Amino acid sequence: MTEQRAAWLDDPDMRNARLRRHVEIVKEARPEIAVDSDDPAEMQYMHRRGAILVRDTDLPRVQSIVPGDVERSLINGVTLYRPRDSDIEAVLTQIDTELGVGVATPDHALHVTISGLCPATEPEGVDLPPLPGVNADQASDGTGVLVSVVDTGFLPSVAEDARHRWLAGVRGDEERVRPPYIRPFEGHGTFVAGIVRCLAPKADVRVEGFLRHGGTIFESEIVTQLDEALNHVPDIISLSGGTLTRNNLPPLSFEVFWENRLRHYKGTVLVAAAG
């Protein structure tokens, strides 16, 4: 850990200032994002303005007490709903009280980093060998394994550079960057693909470009993409995203995704960022 990062962790004023700035970056990229506090440094979660998620089985009950409009059905089992009352916290509190906690939740915003968003600018250009180093154990080199990296996309020019030979053959959705500046969170998908390839150099790695807007994506969007990703039957899905949630409950759409889809794919493992 660098001294600069250690100072950032130890100084609450510096941490809060960074957090406020990164919330600004996220909101600039996705203006429909809202936070549950006037001060982003005190927020519990980020979410889509004016929308909630509801289980399909509970939708009639929710509609009976909260007038609104169905925006769209997501995966089988969960719906994106737009209450006519724009105060989402008040709407959810009413649903919690009358129908039970967890019947409806915000459409949370996921981010490529979870706790405190991101403490640094990334990526930074360095000419160093990979860490961890490239795995030389043929018994665990990833042969025959398909890994889907759900992230910001992929930078083919990095893989074409002879200095990054471990990335040769990685494919995916190309990430568009605008030189000469590296903007916050650009290149994150290429970074994660590099970690996968160092640990499993023979793995077939594809990077999905889903978290393109300031490193964020809404829960309703990512769960639809994960549902589609299962059609390719990957062995591993690496999800570079997480979120802090209202009342610290599991994201509703992920619960439904597990119940109705993922648990039926016995050969697929979903690995998500842990903070």
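The values are calculated or read from the model by the stated rules, or taken from the named source; none is laboratory data. If you're wondering where the values come from, they're calculated on a predicted model, not measured in any experiment. Counting neighbours? That spans all protein chains shown, and the Cβs are built from the backbone with ideal geometry, glycine included. Ligands, DNA and RNA are excluded from the accessible area calculation, which covers all protein heavy atoms including side chains. Shrake-Rupley method; radii C 1.70, N 1.55, O 1.52, S 1.80 Å.
Values for this structure:
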| read-out | value |
| --- | --- |
| Residue within the stretch 223-232 that is open to solvent by 70 Å² or more (accessible area, probe 1.4 Å), of a type outside the set (A, V, I, L, M) and free of Cβ contacts under 8 Å to residues at least 24 places away in the same chain present | yes |
| Candidates GLY214, GLY242, GLY275, filtered to the one that is touching a Pro at 6+ places or on another chain (Cβ under 8 Å) and modelled with pLDDT under 90 | GLY214 |
| From the options ILE237, ILE217, residue that is of a type in the set (A, V, I, L, M) and within 21 Å of SER140 (Cα to Cα) | ILE237 |
| Which listed residue is in contact with a Phe, Trp or Tyr (Cβ under 8 Å, 6 or more places away or on another chain) and surrounded by fewer than 19 Cβ atoms within 10 Å (Cβ to Cβ), from GLY209, GLY214, GLY189 | GLY209 |
| Which listed residue is acidic (Asp, Glu), on the phi < 0 side of the Ramachandran plot and modelled with pLDDT of 90 or more, from ASP151, ASP141, ASP127 | ASP141 |
| Search result, residues across the stretch 222-275 that are within 16 Å of ILE75 (Cα to Cα) and of a type in the set (Lys, Arg) | ARG261, ARG263 |
| Selected residue (criterion: surrounded by the most Cβ atoms within 10 Å (Cβ to Cβ)) from residues of the stretch 233-256 that are more than 15 Å from the chain's Cα centre (by Cα) and more than 21 Å from VAL205 (Cβ to Cβ) | VAL256 |
| For LEU155: the one exception among (1) surrounded by fewer than 23 Cβ atoms within 10 Å (Cβ to Cβ); (2) in contact with a Ser or Thr (Cβ under 6 Å, 6 or more places away or on another chain) | (1) |
| Top-ranked residue of the stretch 257-275 - restricted to ones that are among the hydrophobic types (A, V, I, L, M, F, W, C) and surrounded by 19 or more Cβ atoms within 10 Å (Cβ to Cβ), ranked as nearest to the chain's Cα centre (by Cα) | LEU270 |
